[in-house]
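Nothing in this text is a laboratory measurement; each read-out follows from the coordinates by a stated rule. Values in this document were obtained by computation on a predicted structure and should not be read as measured data. Virtual Cβ from ideal backbone geometry, glycine too; neighbours counted across all protein chains shown.
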Amino acid sequence: MILVQLAINGLLLGGLYLLMAQGLNLVFGVMKIVNFAHGVFIVVAGLVVYRLYEAYGINPLVAVAIVAPAFFVVGALLQRVLIERITAVGTEGELLSLMLTYGLSYIFINVATRVFGAKYLSLPYLQSSLKIASLTINESLLVASTLAALLAAALYVWLTHMPSGKQIRATSQSRIGAISCGIDTRRMRMLAFALGSSLAAAAGALLVVVQPVAPQDGSDFTVLSFVVVALGGLGNYAGAAIGAVLLGSAQSYGGYYLGPNVENVLPFVIMLGIMLLRPQGLQPGAAR
Amino acid sequence: MTRRTRVAVLVGTLLVLTVASATAARSERRSPKPIRIGASISQTGVYAGVGQYAVRGYRLYVDLLNARGGLLGRPVQLIVYDDQSSPATAVRLYSRLISEDHVDVILGPYSSAITQAVAAVAEKNRRVMIDPFAAASVVFTDTKWNFQAITASERYLASVADISKLRGYKTMALFVNNTPSTSAIAAALKARAQAFGLKIVYEQKYPNDASDFSSMVLAAKATHPDVVVGTTYVPDSVGLTRELNRQAVRPKLLAFSIGVVEPEYEKALGPLANGVIGNTLWWPSLRREGNAAFVAAYKAKYGGTPTYQVATGYAAMQVLEQAVAKTGSLDQTKLRDTIAAMRANTVTGSFRLDAGGRQVGYKSYLMQWQGGKARLVWPPKVAEAPLELPYR
C-alpha cells in the first residue's frame, strides 16, 4: 500500500512540475531560448492571485482566467518591445536572449519584492485530501495535475491540428523554411512567448495554493522547470510530460526511502545523468 | 561674453562658494558629528521576509533616540545594508562598514548562519557587536566581542516537553529543518523530552528549501506520535501543517518553532491554524520596561503590531544605549567590558550574559492560534488564555 501511495504522490507531484514547465518548453521549442524569467512569472502570477483572493475573495481557480490572459499580454509586449529587438541570429542571438531574460528576471524579482514584500504567502484552499481505502490523494496537487493534463492536451491538439499551432511548429523546426512558406515568424515568436507567459501564470495560480511562495524563489522554479524540460529533451512536448512524472516519482520514492536531503538533490542528479548519457533527452527520436 | 562679464561671473561664483562653505562650516559646528551605527540585514533572499521586520526594530529605536537628543549628546545615524541573505556578502559589508564607512558601532545581522560568518569580522577588528538575531549558541564559541541579545535556541520549545509531561503524553515525532538554530532547538527539546521519559519515535532532518513533505509525513504517521514538533521557518511550518492534515495525522499536541507566530501562517492555513502552538520571544501584553511605549511607537510609524523580531532588534538598541551611557564613551574595549557585566531591562526581558557572551536572561514563550486569534498561552503566569489541548 505504501508503494501505491508513493506512486500516487509521485504522479501528482509530476503533474505540478509539468504545469510549471509547459510554458518554458513552448518558448524554448519555438525560440531556442531558455526564458530565465519563467519562474518569476510563475511566482508573480501566484502572488497576484493571492492578492485577488485577499482583497476580493476571488477563488484561485477563477483567478486563472484573470492572470493567464493578463500574462499573455505582458508576454506579448515583452517579446515585441524587448526580445524581438535582438537582431543577431543563431548561437549569438540565443545567448543574447538568454542574457536579456536573465536580466529581466532580476528586475522582476526586485520589483515584485517591492510590491508584494518578501514574505512567503499561500492560500487556505484545497488543503484536504480525497481518501480512497487507506490511500490519500492531495486535493491541491490533483487539481494542479488535472489542469496540467488539460493544458497539455489542448496544446497538443493545437500544435498538431490547428493552422496557427502548425505554423508555430514550423517556425520551431526551421525559421528559413517557415519564412519561405509565408509564415509571419515574428508573429509566431510573439504568440509563443505570450502563450508561454500565460502558461506560467496558470501554474502560479495553482502553486500559491500548493505551497507558500515569495518573489526571491522565482529562479528556483525556473531551474526546476528547466530540469523537467531537459529530461524530456528540450522543446519536446511529450517528453516533458514523461520527464515531469519521472522526476515526481523519483522524489516521492527517494524522499521516503533515502530521506528528504536526497529528495531535494535528486532533480539535479538525474539531470546530470541524463546530460551525460542521453543529451537528446529521454525520448529517443521523437518528433518535435 | 566680454572680458568684463567673464570676470564678474568668476567673482560672483567665488563669492557664492565662500558664503556656502562658511554656512556649511557653521552648521557643522552647531550640531555635533553624528554617531554612526552600522548593520546589514537581509532584505532580499531567503531571510528577507523576517529581515524586513528585524531592520524596523533598529530604525524605530534610532528615530526615538534622536527625538530624545541622541547618544552622548550626538545625533545617531543608522547605516543599513542588504546582505541578500548571503553570509559572504554580509562579511564584505561589515568590513566595509568598519574600514570605509568608519562607523562607531556595529549591530548584528539577521540569522544565526550569517551572524556566525560576521562574528569573525567583529572579532578580528576588535569591535563590539550585539547580536539580536543569532539564537544558536554555537555562534558564541570562542568570541570575545560578540554578545547574544536574543533568547538562546535551546530555550525555544523546551517547555513543550514540560507540557507533554504534565499531560501524560508518551511519544514525540520531530521534523528538523537543518539550519544551526533550528537544529539546536530540536536537540534541546529532544534532550528535555527524553529526560522526562518521552520516547522520540520519529526524527528527520530536512533541507531548508524542502517543499514536498508527503514522504516524511507518511513515514512519521506509522509511528502514531502523541506529540508532533517541527523546528521550522514559515514555509515549512505551513507545508507540514497541511500535509499532516491531508494524511489525517492527529497528534494531541502540534507545535512548530519559527513560523506559527507570523500572521502569514494563519493567512495561509485559515481554520487549519487553530490549535497549533508556536514559540515567541516577545508579546505585546508582557509587562516589560517600555513595552507599551514600544508598541505605540511601532503602530505610529509602521501600523499594526510588531513581531518579536522587531522587539529583539529594538531591545538590542536599548542595551546599546544603556551601555554607552554607562561607559560614557564609544571606546570599544570599555564598551565590551560594560556589556559583558551589565544587566539591562529591555522589551524582551532582562538582558544578562554568561561568561561566554551567551544570553541567559531572556526567556521563550508559547502562543497558540485560537479561533483565528494568536494568544499567549505559556507560561501560565503570563498567559492571555488557557492552553487548548488536545489539538483537534
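Descriptive notes on the structure:
- Qualifying positions in segment B:90-111 - surrounded by fewer than 24 Cβ atoms within 10 Å (Cβ to Cβ), of a type in the set (Ser, Thr, Tyr) and in contact with a helix residue (DSSP H, G or I) (Cβ under 9 Å, 6 or more places away or on another chain): B:Ser95
- Cβ-Cβ under 6 Å pairs, at least 6 apart or on other chains, segment A:114-139 side more than 7 Å from every other protein chain (Cβ to nearest Cβ), far side in a loop (DSSP other than H, G, I, E, B): A:Ser134/A:Met1; A:Glu139/A:Leu126; A:Glu139/A:Ser128
- Which listed residue, of A:Ala250, A:Ala205, is assigned to a helix (DSSP H, G or I), touching a Leu at 6+ places or on another chain (Cβ under 7 Å) and among the small types (Gly, Ala, Ser): A:Ala250
- Counting the residues of segment B:185-226 that are under 27 Å from the mean Cα position of the chain (by Cα), buried (at least 21 other Cβ atoms within 10 Å of the Cβ) and in contact (Cβ under 8 Å) with a residue 40 or more places away in the chain gives 3.
- Of the residues contained in segment B:309-319, none is found to be in contact with a helix residue (DSSP H, G or I) (Cβ under 9 Å, 6 or more places away or on another chain) and at positive phi.
- Looking at segment B:288-392, the strands (runs of 3 or more DSSP E) lying wholly inside it that each contain 1 or more residues that are aromatic (Phe, Trp, Tyr) sit at B:349-351, B:365-370, B:373-378.
- Scanning segment B:149-175 for residues that are part of a loop (DSSP other than H, G, I, E, B) and closer than 21 Å to B:Gln204 by Cα gives B:Tyr156, B:Leu157, B:Tyr169, B:Lys170.
- Among (1) buried (at least 24 other Cβ atoms within 10 Å of the Cβ); (2) part of a helix (DSSP H, G or I); (3) facing chain A (nearest Cβ under 10 Å) - the single one B:Glu264 does not satisfy: (1)
- Checking each residue in segment A:210-225 for being out of contact with any strand residue (DSSP E or B) (no Cβ under 9 Å at 6 or more places or on another chain) and assigned to a helix (DSSP H, G or I) picks out A:Pro215, A:Gln216, A:Asp217, A:Gly218, A:Ser219, A:Asp220, A:Thr222, A:Val223, A:Leu224, A:Ser225.
- Subset tally (residues that are more than 30 Å from B:Pro180 (Cα to Cα) and assigned to a helix (DSSP H, G or I)) for segment B:66-101: 2
- Residues being over 18 Å from A:Ser128 (Cβ atoms) and within 7 Å of chain A (Cβ to nearest Cβ) - total across segment B:206-240: 10
- Residue satisfying all of: in segment A:71-88; surrounded by fewer than 16 Cβ atoms within 10 Å (Cβ to Cβ) and in contact (Cβ under 8 Å) with a residue 60 or more places away in the chain; farthest from the chain's Cα centre (by Cα) among these: A:Glu84
- Which listed residue is more than 14 Å from every other protein chain (Cβ to nearest Cβ), in contact (Cβ under 8 Å) with a residue 12 or more places away in the chain and not in a loop (DSSP other than H, G, I, E, B), from A:Gly196, A:Gly281: A:Gly196
- Residue match in segment B:56-64 (condition: hydroxyl-bearing (Ser, Thr, Tyr) and assigned to a helix (DSSP H, G or I)): yes
- Residues of segment B:345-365 satisfying the condition of being surrounded by fewer than 19 Cβ atoms within 10 Å (Cβ to Cβ) and polar (S, T, N, Q): B:Asn345, B:Ser350
- Test result for B:Ala158, under 21 Å from the mean Cα position of the chain (by Cα) and hydrophobic (A, V, I, L, M, F, W, C): yes
- Members of segment B:343-366 found to be under 15 Å from the mean Cα position of the chain (by Cα) and among the polar types (S, T, N, Q), listed by number: B:Thr346, B:Thr348, B:Gln359, B:Ser364
- Qualifying residue in segment A:172-191 (condition: buried (at least 24 other Cβ atoms within 10 Å of the Cβ) and either in contact (Cβ under 8 Å) with a residue 12 or more places away in the chain or within 14 Å of chain B (Cβ to nearest Cβ) (or both)): no
- Filtered residue count, segment A:159-177, keeping only those that are hydrophobic (A, V, I, L, M, F, W, C) and within 22 Å of A:Leu82 (Cβ to Cβ): 1
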